[in-house]
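S.K.: Have a look at this one before I ask anything.
The values are calculated or read from the model by the stated rules, or taken from the named source; none is laboratory data. Because the structure is predicted, anything quoted here is derived from the model rather than measured. Cβ placement follows ideal geometry from the backbone for every residue including glycine, while neighbour counts extend to all protein chains displayed. To get the accessible areas, we keep the full protein, side chains included, count just its heavy atoms, and leave off ligands, DNA and RNA. Shrake-Rupley method; radii C 1.70, N 1.55, O 1.52, S 1.80 Å.
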Amino acid sequence: MDRILVSACLVGWPVRWDGGAKTLHHPLIAEWAAEGRLVPLCPETAGGLAVPRPAAEIETGADAAAVLAGKGRIVDAEGHDHGPAFREGARIATATARVRGCRFALLTEGSPSCGVDLVADGSFSGRRRAGEGVTAAALRAAGVEVFSTNDIEKLAERLAAEAGDASTAK
Ligand code: SF4
(Lines give C-alpha, C1' and ligand atoms only; values in the text may rest on other atoms or scores of the structure.)
Protein backbone atom coordinates (compact mmCIF):
# COMPACT_ATOMS: atom_id res chain seq x y z
CA MET A 1 0.00 0.00 0.00
CA ASP A 2 1.39 3.39 -1.01
CA ARG A 3 1.70 5.83 1.86
CA ILE A 4 1.16 9.58 1.55
CA LEU A 5 3.18 12.20 3.38
CA VAL A 6 0.59 14.85 4.24
CA SER A 7 0.92 18.40 5.55
CA ALA A 8 -0.07 18.01 9.18
CA CYS A 9 -2.27 21.11 9.15
CA LEU A 10 -4.48 19.44 6.52
CA VAL A 11 -5.41 16.68 8.94
CA GLY A 12 -6.25 19.04 11.78
CA TRP A 13 -2.96 19.56 13.56
CA PRO A 14 -2.88 23.17 14.91
CA VAL A 15 0.65 23.85 13.66
CA ARG A 16 0.24 26.83 11.36
CA TRP A 17 2.07 30.09 11.99
CA ASP A 18 -1.09 31.55 13.58
CA GLY A 19 -1.71 28.52 15.79
CA GLY A 20 -4.53 27.18 13.64
CA ALA A 21 -5.02 24.21 11.34
CA LYS A 22 -6.16 24.10 7.73
CA THR A 23 -8.26 20.98 7.98
CA LEU A 24 -9.27 19.54 4.64
CA HIS A 25 -12.70 17.96 4.93
CA HIS A 26 -12.71 15.61 1.97
CA PRO A 27 -13.91 12.01 1.71
CA LEU A 28 -10.56 10.92 0.27
CA ILE A 29 -8.76 12.16 3.39
CA ALA A 30 -11.11 10.14 5.57
CA GLU A 31 -10.66 7.09 3.35
CA TRP A 32 -6.86 7.31 3.32
CA ALA A 33 -6.74 7.90 7.07
CA ALA A 34 -8.88 4.81 7.67
CA GLU A 35 -6.55 2.81 5.44
CA GLY A 36 -3.53 3.98 7.42
CA ARG A 37 -1.94 5.60 4.39
CA LEU A 38 -1.39 9.06 5.83
CA VAL A 39 1.90 10.15 7.38
CA PRO A 40 1.32 13.66 8.81
CA LEU A 41 4.28 15.98 9.13
CA CYS A 42 4.71 19.71 9.59
CA PRO A 43 8.14 20.60 8.21
CA GLU A 44 8.25 23.97 9.93
CA THR A 45 7.66 22.67 13.44
CA ALA A 46 9.83 19.63 12.67
CA GLY A 47 12.55 22.10 11.73
CA GLY A 48 12.30 23.75 15.14
CA LEU A 49 9.90 26.64 14.60
CA ALA A 50 7.37 27.44 17.30
CA VAL A 51 3.57 27.67 17.24
CA PRO A 52 2.59 30.42 16.85
CA ARG A 53 5.45 32.00 14.90
CA PRO A 54 5.92 35.01 12.64
CA ALA A 55 4.56 34.52 9.13
CA ALA A 56 7.43 33.99 6.72
CA GLU A 57 7.73 34.22 2.94
CA ILE A 58 10.40 33.31 0.40
CA GLU A 59 12.07 36.61 -0.33
CA THR A 60 11.11 38.37 -3.54
CA GLY A 61 13.60 37.36 -6.22
CA ALA A 62 14.49 34.07 -4.52
CA ASP A 63 12.99 30.62 -5.01
CA ALA A 64 12.93 27.29 -3.21
CA ALA A 65 16.06 26.03 -4.95
CA ALA A 66 17.99 29.10 -3.85
CA VAL A 67 16.77 28.72 -0.27
CA LEU A 68 17.71 25.03 -0.20
CA ALA A 69 21.16 25.93 -1.51
CA GLY A 70 21.57 28.55 1.22
CA LYS A 71 21.60 31.31 -1.38
CA GLY A 72 18.08 32.62 -0.81
CA ARG A 73 16.23 33.68 2.32
CA ILE A 74 12.86 33.02 3.93
CA VAL A 75 12.10 36.08 5.97
CA ASP A 76 9.44 37.33 8.35
CA ALA A 77 7.92 40.78 8.00
CA GLU A 78 10.79 42.25 10.01
CA GLY A 79 13.38 40.77 7.67
CA HIS A 80 14.69 38.02 9.97
CA ASP A 81 15.89 34.99 8.02
CA HIS A 82 14.38 31.62 9.04
CA GLY A 83 16.06 29.66 6.25
CA PRO A 84 17.95 27.22 8.50
CA ALA A 85 14.74 25.96 10.16
CA PHE A 86 12.99 25.65 6.79
CA ARG A 87 15.93 23.70 5.35
CA GLU A 88 15.97 21.41 8.37
CA GLY A 89 12.22 20.84 7.98
CA ALA A 90 12.70 19.94 4.32
CA ARG A 91 15.48 17.54 5.26
CA ILE A 92 13.30 15.85 7.90
CA ALA A 93 10.39 15.61 5.46
CA THR A 94 12.48 13.85 2.80
CA ALA A 95 13.98 11.54 5.41
CA THR A 96 10.51 10.74 6.75
CA ALA A 97 9.22 10.02 3.25
CA ARG A 98 12.12 7.65 2.67
CA VAL A 99 11.87 5.85 6.01
CA ARG A 100 8.06 5.56 5.96
CA GLY A 101 7.89 4.58 2.29
CA CYS A 102 5.92 7.60 1.05
CA ARG A 103 6.14 7.85 -2.72
CA PHE A 104 3.43 10.53 -2.73
CA ALA A 105 2.83 13.75 -0.82
CA LEU A 106 -0.27 15.89 -0.37
CA LEU A 107 0.71 19.41 0.62
CA THR A 108 -0.86 22.73 1.54
CA GLU A 109 -0.85 25.16 -1.38
CA GLY A 110 0.77 28.57 -0.92
CA SER A 111 3.04 27.77 2.04
CA PRO A 112 6.76 28.64 1.89
CA SER A 113 7.38 25.02 2.93
CA CYS A 114 4.50 23.06 1.46
CA GLY A 115 3.38 25.14 -1.53
CA VAL A 116 3.22 23.00 -4.67
CA ASP A 117 2.49 25.47 -7.47
CA LEU A 118 2.11 28.75 -5.57
CA VAL A 119 3.91 30.68 -2.84
CA ALA A 120 3.44 34.14 -1.36
CA ASP A 121 5.15 36.80 -3.44
CA GLY A 122 7.38 38.05 -0.63
CA SER A 123 5.53 41.32 -0.09
CA PHE A 124 3.40 40.18 2.89
CA SER A 125 0.39 41.54 1.05
CA GLY A 126 -1.47 38.26 0.55
CA ARG A 127 -0.50 38.07 -3.12
CA ARG A 128 0.84 34.81 -4.52
CA ARG A 129 3.20 33.98 -7.35
CA ALA A 130 4.06 30.79 -9.21
CA GLY A 131 6.59 28.74 -7.28
CA GLU A 132 7.05 25.93 -4.81
CA GLY A 133 7.85 25.72 -1.13
CA VAL A 134 11.18 24.38 0.04
CA THR A 135 9.83 21.06 1.34
CA ALA A 136 7.85 20.49 -1.87
CA ALA A 137 11.03 21.16 -3.87
CA ALA A 138 13.12 18.85 -1.69
CA LEU A 139 10.54 16.05 -1.90
CA ARG A 140 10.37 16.35 -5.69
CA ALA A 141 14.16 16.23 -5.88
CA ALA A 142 14.01 13.02 -3.82
CA GLY A 143 11.58 11.45 -6.29
CA VAL A 144 8.37 11.90 -4.31
CA GLU A 145 5.30 12.79 -6.42
CA VAL A 146 3.87 15.97 -4.91
CA PHE A 147 0.23 17.06 -5.14
CA SER A 148 -1.57 20.12 -3.81
CA THR A 149 -5.01 19.96 -2.25
CA ASN A 150 -6.34 21.31 -5.56
CA ASP A 151 -5.19 18.08 -7.19
CA ILE A 152 -6.35 15.56 -4.61
CA GLU A 153 -8.39 13.66 -7.22
CA LYS A 154 -5.28 13.34 -9.40
CA LEU A 155 -3.47 11.82 -6.45
CA ALA A 156 -6.33 9.34 -6.06
CA GLU A 157 -5.96 8.44 -9.75
CA ARG A 158 -2.21 7.86 -9.31
CA LEU A 159 -2.81 5.62 -6.31
CA ALA A 160 -5.39 3.63 -8.25
CA ALA A 161 -3.02 3.29 -11.19
CA GLU A 162 -0.23 2.09 -8.91
CA ALA A 163 -2.57 -0.42 -7.22
CA GLY A 164 -3.63 -1.66 -10.64
CA ASP A 165 -0.03 -2.10 -11.73
CA ALA A 166 0.77 -3.97 -8.54
CA SER A 167 -2.12 -6.41 -8.93
CA THR A 168 -1.27 -6.97 -12.61
CA ALA A 169 2.31 -7.84 -11.67
CA LYS A 170 1.17 -10.64 -9.28
FE1 SF4 B 1 0.96 23.22 7.29
FE2 SF4 B 1 3.20 22.82 5.92
FE3 SF4 B 1 2.78 25.16 7.12
FE4 SF4 B 1 3.29 23.02 8.61
S5 SF4 B 1 4.68 23.97 7.14
S6 SF4 B 1 1.67 24.51 8.98
S7 SF4 B 1 2.29 21.42 7.43
S8 SF4 B 1 1.58 24.29 5.43
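S.K.: Taking loop as defined by DSSP and a crowding limit of 11 other beta carbons within 10 Å, which GluC sites (Glu not before Pro) in the stretch 72-170 fit?
M.R.: Glu78
S.K.: Same structure again: Could you calculate the contour length gain from Met1 to Asp117, that is, 0.36 nm times the residue separation minus the distance between their Cα atoms, to one decimal place in nm?
M.R.: Using 0.36 nm per residue and subtracting the Cα-Cα distance, I get 39.1 nm.
S.K.: Follow-up. Given the Cα-Cα distance of Glu35 and Ala65 and 0.36 nm per residue of separation, how much length would full extension add, in nm?
M.R.: 7.4 nm
S.K.: Take the alpha carbon gyration tensor of the stretch 109-148, find the square roots of its eigenvalues, order them as a ≥ b ≥ c, and report rounded if a/c is under 1.5; if not, report prolate when a/b exceeds b/c, else oblate.
M.R.: The shape class here is prolate.
S.K.: Could I ask something else about it? Around Ala138, under 12 Å between beta carbons, what's the net of Lys plus Arg minus Asp minus Glu among the other residues?
M.R.: +2
S.K.: Further question: List the relative contact order of the chain as a percent without decimals, with contacts defined as Cα pairs under 8 Å and 6+ residues apart.
M.R.: Across the chain, relative contact order equals 21 percent.
S.K.: Oh, and also: Which Rg and Dmax, in Å, describe the Cα atoms of the stretch 47-93?
M.R.: 10.1, 27
S.K.: Rolling a 1.4 angstrom probe over the protein heavy atoms, how many square angstrom per residue are accessible across the chain?
M.R.: 48
S.K.: Can you pull out the trypsin sites (Lys or Arg not before Pro) in the stretch 50-142 that DSSP calls coil and that have at most 16 other Cβ atoms within 10 Å?
M.R.: In loop regions of the stretch 50-142 (DSSP not H, G, I, E or B), the sparsely surrounded trypsin sites (Lys or Arg not before Pro) are Lys71, Arg127.
S.K.: Sticking with this one: Residues of the stretch 44-59 with amide nitrogen under 16 Å from the 7 Å Cα-to-Cβ point of Glu78?
M.R.: 50-57
S.K.: Put +1 on the Cβ of every Lys and Arg and -1 on every Asp and Glu Cβ in the stretch 124-170; which of Gly143, Ala130, Ala163 then has its Cα farthest towards the positive end of the dipole?
M.R.: Of the options given, the answer is Ala130.
S.K.: For Ile4, what residues show an amide H to amide H distance below 5 Å, using hydrogens built from the backbone and excluding near sequence neighbours?
M.R.: When sequence neighbours closer than 5 places are left aside, the close amide H contacts are Leu38, Val39.
S.K.: Sticking with this structure for a sec: Using a 1.4 angstrom probe on heavy atoms only, work out the carbon and sulfur share of the accessible area of the chain in %.
M.R.: The nonpolar share, carbon plus sulfur, comes to 53 percent.
S.K.: Using a simple charge model, +1 on the beta-carbon of Lys and Arg, -1 on the beta-carbon of Asp and Glu, nothing else, what dipole does the chain show about its Cα centre, in debye to the nearest 20?
M.R.: 380
S.K.: For the chain, what is one quarter of the convex hull surface built on the Cα atoms, given in nm²?
M.R.: Over all viewing directions, the chain projects a mean Cα-hull area of 9.5 nm².
S.K.: With charges only on Cβ, +1 for K and R and -1 for D and E, what is the dipole size of the stretch 53-145 about its Cα centre, in debye, rounded to 20?
M.R.: With only Lys, Arg, Asp and Glu charged at Cβ, the dipole is about 380 debye.
S.K.: Something else about it: Starting from the Kirkwood Rh over alpha-carbon pairs, what translational D in µm² s⁻¹ does the stretch 1-62 have by Stokes-Einstein at 20 °C and 1.002 mPa s?
M.R.: 167
S.K.: Around Leu10, with a cut-off of 11 angstrom between Cβ atoms, what is the net charge of the other residues, counting Lys and Arg +1 and Asp and Glu -1?
M.R.: +1
S.K.: Modelling each spin label as a point 7 Å along the Cα-to-Cβ direction, I'd like the Glu88/Arg158 distance in nm, to one decimal.
M.R.: Result for the modelled spin labels: 2.9 nm.
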